[in-house]
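Chemist: This is the structure, below, for whatever I ask next.
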Amino acid sequence: MIEQIKGRLAAGKGKYALVVSRFNDFITSKLVEGAIDCLQRHGAGDEQIQVAWVPGACEIAIVAKRLAESGRYVAVLCLGAVIRGQTGHYDAVCQQVVRGVGQINYDTGVPTIFGVLTCDTLEQAIERAGTKMGNAGADAAMTAMEMAHVMEQVR
Ligand code: INI
């Protein structure tokens, strides 16, 4: 019989850290709500969830890395919203956060989930923050729970 490793969609007993940027907090606060709601509906208690706020997407990775390194969390969720709009450094911000968050996974072995919206317009971000296209924070929470259980099984 083929052994198959699959992650359960349940919060389990571990702790989850959320790192959230305040920039575009009209959007990111909805991502946090979505993530917390999803974790709670999958069995997480308040004591299993910690939220750290940072100024912008560029600051997410440094805090996420510290939390992942602490060994206290089964997963770290990175939530933010980078919106092209009028800003000239959209690409630079996106690049920094994508690379930074991705690297944490390999450096620490703790699933560090990319829940940062990268959108051309505010409307696109709104669509992904609890309206037409769902909630990227809730999606990140689902990924975090699944990965936490996969990692538990491949110890
Ligand atoms: N930070 C974001 O989280 N989203 C953005 O859309 C954004 N834009 O457009 O500039 C943004 N910039 C700030 C950046 O993340 C840092 O906080 C800042 O550069 C200080 O390091």
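The values are calculated or read from the model by the stated rules, or taken from the named source; none is laboratory data. Everything numeric here is computed off the predicted structure, so don't read it as measured data. Note: ideal-geometry Cβ built from the backbone for every residue, glycine included; neighbour counts use all protein chains shown. Only protein heavy atoms, including side chains, enter the accessible area calculation; ligands, DNA and RNA are left aside. Shrake-Rupley method; radii C 1.70, N 1.55, O 1.52, S 1.80 Å.
Chemist: Can you list residues from other chains, or at least 5 along the same chain, whose modelled amide H is less than 5 Å from the amide H of T118?
Modeler: V82
Chemist: Given a 10 angstrom Cα cut-off, can you work out which residue in I36, I60, I49 is the most mobile in a GNM of the chain?
Modeler: I49
Chemist: While we're looking at this one, here's another question. Over the chain, what is the percentage of antiparallel beta bridges among all DSSP beta bridges, to the nearest 5?
Modeler: Numbers: 2 of 21 bridges.
Bridges in the chain that DSSP calls antiparallel: roughly 10 percent.
Chemist: Taking amide H positions as placed 1.01 Å from N in the peptide plane, with prolines and chain starts having none, which residues 5 or more places from A44, or on another chain, fall under 5 Å of its amide H?
Modeler: When sequence neighbours closer than 5 places are left aside, the close amide H contacts are A11.
Chemist: Here is a follow-up. Hey, any idea what % of the chain's accessible area is carbon plus sulfur with a 1.4 Å probe? Write out the running numbers ahead of the final one.
Modeler: Working: 4440 of 8560 Å².
Of the solvent-accessible surface of the chain, carbon and sulfur hold 52 percent.
Chemist: Considering Cα pairs under 8 angstrom that are at least six residues apart, work out the relative contact order of the range 16-155 and quote it in whole percent. Walk me through the intermediate numbers first.
Modeler: Values: 262 pairs, mean separation 44.1, N = 140.
It rounds to 31 percent for the range 16-155.
Chemist: While we're on this one: Can you list residues from other chains, or at least 5 along the same chain, whose modelled amide H is less than 5 Å from the amide H of N135?
Modeler: G130
Chemist: Moving on to the next point. What are the equivalent ellipsoid semi-axes of the chain, built from the alpha-carbon gyration tensor (square roots of five times its eigenvalues), in whole angstrom, biggest first? Write down the numbers at each step before the final one.
Modeler: Numbers: eigenvalues 131, 58, 40 Å².
Square roots of five times the eigenvalues give 26, 17, 14 Å.
Chemist: Do any trypsin sites (Lys or Arg not before Pro) in the range 1-82 lie in a loop, going by DSSP, with at most 15 other beta-carbon atoms within 10 Å of their beta carbon, and if so which? Walk me through the numbers on the way to the answer.
Modeler: On the way: sites: K6, R8, K13, K15, R22, K30, R41, K65, R66, R72; in loops: K6, R8, K13, K15, R22, R72.
Qualifying residues, ordered by number: K6, R8, K13, R22, R72.
Chemist: Using 1/(1 + (r/R0)^6) with R0 = 35 angstrom and r between the beta carbons of S70 and E127, what's the FRET efficiency to the nearest 0.05? Don't jump to the answer; show the numbers that get you there.
Modeler: On the way: r = 34 Å, r/R0 = 0.98.
So, using R0 = 35 Å, E works out to roughly 0.55.
Chemist: From the phi angles alone, apply the Karplus equation (6.51, -1.76, 1.60; θ = phi - 60°) to the range 105-120 and give each ³J(HN,Hα) in whole Hz, x where the residue is Gly or Pro.
Modeler: Here the 3J(HN,Hα) series is 4, 6, 6, 10, x, 9, x, 10, 8, 8, x, 9, 6, 10, 10, 6 Hz.
Chemist: Along the range 138-155, what does the Karplus equation 6.51 cos²θ - 1.76 cosθ + 1.60 (θ = phi - 60°) give for ³J(HN,Hα), rounded to whole Hz, x for Gly and Pro?
Modeler: Karplus values, whole Hz, x for Gly and Pro: 5, 4, 5, 5, 4, 5, 4, 5, 4, 5, 4, 6, 4, 5, 4, 7, 9, 4.
Chemist: How far is helix 25-41 tilted off the main Cα axis of the chain, in degrees rounded to 10, range 0 to 90?
Modeler: 20
Chemist: On average, how much accessible surface per residue is there in the range 1-78, in Å², for a 1.4 Å probe, leaving out ligands, DNA and RNA? Intermediate results must be reported in sequence, preceding the final value.
Modeler: Numbers: 4420 Å² over 78 residues.
It amounts to 57 Å² per residue over the range 1-78.
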